[in-house]
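Working notes, structure below.
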Amino acid sequence: MNLLQLALKNISGNSFRSGVVSLCAFLVAAFALTTTLLMRGAETSLRLALDRLGADIVVVPAGSEAKIESALLMGVPVKFWMPEDNVHKIAAIPGIEAVSPQLYLATLTGASCCSVSDMFMIAYDPLTDFTIQPWLEQNFGDDLRLGEVVGGSYISATEGDQNIKIYGYLVTLKANLEPTGTGLDQSMFFTFNTAYDIASKSATQADEQLVIPPDSISAVLIKAAPGSDLYALSAHIMREVSDVTPILSSNMFQSYRQQMTGLLKTILVIMAITWGLSIVLIGLIFSMAANERRKELGVIRAIGATRRFVFQSLLMEASLLAFAGGATGIALSVLSVTIFRNLLISSLGFPFLLPSPAVLFLQIGIGLVLALFSVNLAALFPAIKISRQDPAIAMRE
Amino acid sequence: MIKLDDIIKDYSLGKGSSVSAVRGVSLQINPGEFVIIVGRSGSGKTTLLNLTAGLTRPTSGTVLLDGINLWSLSDKQQSHLRSQKIGFVFQFPSLLPTLTVYENVVLPTVFSTKLNPAQISERAKLLINQVGLGEKLVAFPRQLSAGQQQRVVIARALMNQPEVLLADEPTSNLDERTELEIMDLFRDLHLSLGITIVMVTHTRQLVSYGTRAIEMAEGRIVNGNHRE
């Protein structure tokens, strides 16, 4: 028999006490990890979405700022238009390196001519695009042909091997983009030509025609020249082009960031209270346990245990309970976040992406360390007190 | 050999006041003796036993075990010495409730032992058989009677082959018949192993089991150092 076996025997012999301590460790670890996964995941999502956008400034029709954020973040389909001529006006502004127009479209709701309902679709101009086109050239050395599409990570072929039906038109899924955790994962990208082809054929093939107003676009993506002042550029665009709003990519998703910050603050306060209460509760439980076992620990000292052994045995019990509770909490947290990811996204109202395995393992490790630290911190004072007690006095009661 | 020299033990009652449990006791116990210390409750006999084992620090005086001053040792050295040289039998139920009979008996070897695992197992089983509980190896303390529990405690006390067995009112919670059985066991152990036994009791009738009786009252030895 050794220290570990003794601690295990004590744990199994005091199931209620052990259960409560483990539960506290469970709550601390699960809450901490879930919060970290959600908040870090949301941050990563926003960053990836902006990277995917690849633009310094996005120009949309005035009043469409919230819509574009919802579309890019949550995949909520939007339709808004502005004159195509705006592209040339913007391109002529000094300090702008590249501009590229986009069309924002959506599939029909519950129509037999569309494989997927309410899907956000983005049509781009392959001649000017700096978002999808470079990725295609880098990965496939090729452009998208007429009728070909690139899907977000969640898009899969529903008709035959590689086909998806949109407005009665079969498009071919050429590739999937890396996941971002945002609405872009449930969106589809194709060229202007494909968009116009779908629109023209939808008149006869679809339940409802896809209408793209002539000489219209939805947004203009801007890449600024190196060293340009983005605020000055935005102001310039506002002056030169009427009825549009330039959104700096650094300001993109501001409302979501504010919402997240508010939520983060609330969660941090709840987490601090839970942590504090757990520490107090575990401390009380260990104090009560140490007091209840005073005589027993006095006996152990009398038959040869050192103060150090008594101290170590109490902390060993604390560590085992913390590990068991913490590991269960972490496993459940990871499982819940993975299984209920979509539910969490829709109920919280912001996207998030699960971290890479390496980052996940790191976060799991931090969660376990937090659980171990918390329980040991709470058990430390009772352990020190009881281990220093005179065995004769401990046995007297 | 145990030697206590002018031992005083005061307990603080707070606010500057204290009570003397042991008042200037000097005592020598030679190897192989069976010393029985008698006295009324509060006479200081249990405190004297605890002082003998180094379980509480004397206010003044020295405690020597085989010539070693217990309080000149570190906690580790003192615990090691206690584990190797002293076996304890307590007045109260002192078995660990979460351990079986076998696990309780081998418990002292967790802290220090000269035996290898096979020897530990063999000796534990032998001792449990000797105290008549060979059938109860995997029983838990709650499944044993008070007398059986005290037998297990005696087996545990002997596990590390100590030189001295200290017993604090080992029969006070037992009925008369079980008390006699336990006392017979002590006598047999003393005779067969030649182990030094120091036993504290308030029952004068048990004095006949020992080779020497010491009577304590108000923290002092009032009648002792005579051999029965």
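The values are calculated or read from the model by the stated rules, or taken from the named source; none is laboratory data. A quick note: this is a predicted structure, and the numbers were derived from the prediction, not measured. For neighbour counting, all protein chains shown are included, and Cβ atoms are generated from backbone atoms with ideal geometry for every residue, glycine included.
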Please indicate, with yes or no, whether at least one residue in the range B:86-97 is in a helix (DSSP H, G or I) and closer than 17 Å to A:Ile300 by Cα. no
Give the residue, chosen from A:Leu170, A:Leu136, A:Leu103, A:Leu108, that is surrounded by fewer than 19 Cβ atoms within 10 Å (Cβ to Cβ), assigned by TED's automatic domain parsing to the domain that holds A:Thr204 and not charged (D, E, K, R). A:Leu170
Which count do you get for residues in the range A:290-308 that are facing another protein chain (nearest Cβ under 10 Å), surrounded by 19 or more Cβ atoms within 10 Å (Cβ to Cβ) and under 47 Å from the mean Cα position of the chain (by Cα)? 1
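Residues are listed down the side, and each one gets a yes or a no for (1) touching a Phe, Trp or Tyr at 6+ places or on another chain (Cβ under 8 Å); (2) part of a loop (DSSP other than H, G, I, E, B); (3) among the hydroxyl-bearing types (Ser, Thr, Tyr):
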residue: B:Ile8; (1), (2), (3): no, no, no
residue: B:Val19; (1), (2), (3): yes, no, no
residue: B:Val25; (1), (2), (3): no, no, no
residue: B:Ile36; (1), (2), (3): yes, no, no
residue: B:Arg57; (1), (2), (3): yes, yes, no
residue: B:Gln84; (1), (2), (3): no, no, no
residue: B:Val105; (1), (2), (3): no, no, no
residue: B:Ala118; (1), (2), (3): no, no, no
Those residues of the range A:103-128 that are free of Cβ contacts under 8 Å to residues at least 60 places away in the same chain, touching a strand residue (DSSP E or B) at 6+ places or on another chain (Cβ under 9 Å) and assigned to a loop (DSSP other than H, G, I, E, B) come to a total of 5
Some residue of the range A:380-397 being of a type in the set (Asp, Glu) and without any contact (Cβ under 8 Å) to a residue 40 or more places away in the chain: yes
The one condition A:Pro246 fails out of (1) at pLDDT 90 or above; (2) touching a Leu at 6+ places or on another chain (Cβ under 7 Å) is (2)
Right, A:Arg257: within 14 Å of chain B (Cβ to nearest Cβ) and either surrounded by 12 or more Cβ atoms within 10 Å (Cβ to Cβ) or out of contact with any helix residue (DSSP H, G or I) (no Cβ under 8 Å at 6 or more places or on another chain) (or both) or not? no
Sole residue being surrounded by 18 or more Cβ atoms within 10 Å (Cβ to Cβ) and within 14 Å of chain B (Cβ to nearest Cβ), chosen from A:Asn2, A:Asn10: A:Asn10
Please state which one of B:Leu73, B:Leu51 is more than 18 Å from B:Asp168 (Cα to Cα) and at pLDDT 90 or above. B:Leu73
Selection from the range A:78-91 of residues that are surrounded by fewer than 20 Cβ atoms within 10 Å (Cβ to Cβ) and touching a helix residue (DSSP H, G or I) at 6+ places or on another chain (Cβ under 7 Å): A:Val78, A:Phe80, A:Lys89
Look through B:Val198, B:Val152 and report the one residue that is closer than 22 Å to B:Ala124 by Cβ and buried (at least 20 other Cβ atoms within 10 Å of the Cβ). B:Val152
Before we move on, is B:Gln143 more than 19 Å from the chain's Cα centre (by Cα), within 14 Å of chain A (Cβ to nearest Cβ) and of a type in the set (S, T, N, Q)? yes
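Yes/no per residue for (1) at pLDDT 90 or above; (2) surrounded by fewer than 23 Cβ atoms within 10 Å (Cβ to Cβ); (3) closer than 21 Å to B:Ser172 by Cα; (4) more than 8 Å from chain A (Cβ to nearest Cβ):
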| site | (1), (2), (3), (4) |
| --- | --- |
| B:Gly39 | yes, no, yes, yes |
| B:Thr100 | yes, yes, no, yes |
| B:Asn104 | yes, no, no, yes |
| B:Ser112 | no, yes, no, no |
| B:Gly132 | no, yes, yes, yes |
Do the conditions hold for A:Leu37, that is, is it part of a helix (DSSP H, G or I), outside the structural domain of A:Asp185 (by TED's automatic domain parsing), touching a residue at least 12 places away in the same chain (Cβ under 8 Å) and of a type in the set (A, V, I, L, M, F, W, C)? yes
Of everything in the range B:78-91, what is within 7 Å of chain A (Cβ to nearest Cβ) and in contact (Cβ under 8 Å) with a residue 40 or more places away in the chain? Give them in sequence order. B:Ser83, B:Phe88, B:Phe90
Condition test on A:Ile273, is it surrounded by 17 or more Cβ atoms within 10 Å (Cβ to Cβ), away from chain B (no Cβ under 14 Å) and part of a helix (DSSP H, G or I)? no
Residues of the range A:44-65 that turn out to be within 22 Å of the chain's Cα centre (by Cα) and under 21 Å from A:Ser228 (Cβ atoms), as a count: 5
Subset of the range A:54-73 (residues that are among the aliphatic types (A, V, I, L, M) and buried (at least 18 other Cβ atoms within 10 Å of the Cβ)): A:Ala55, A:Ile57, A:Val58, A:Val59, A:Val60, A:Ile68, A:Ala71, A:Leu72, A:Leu73
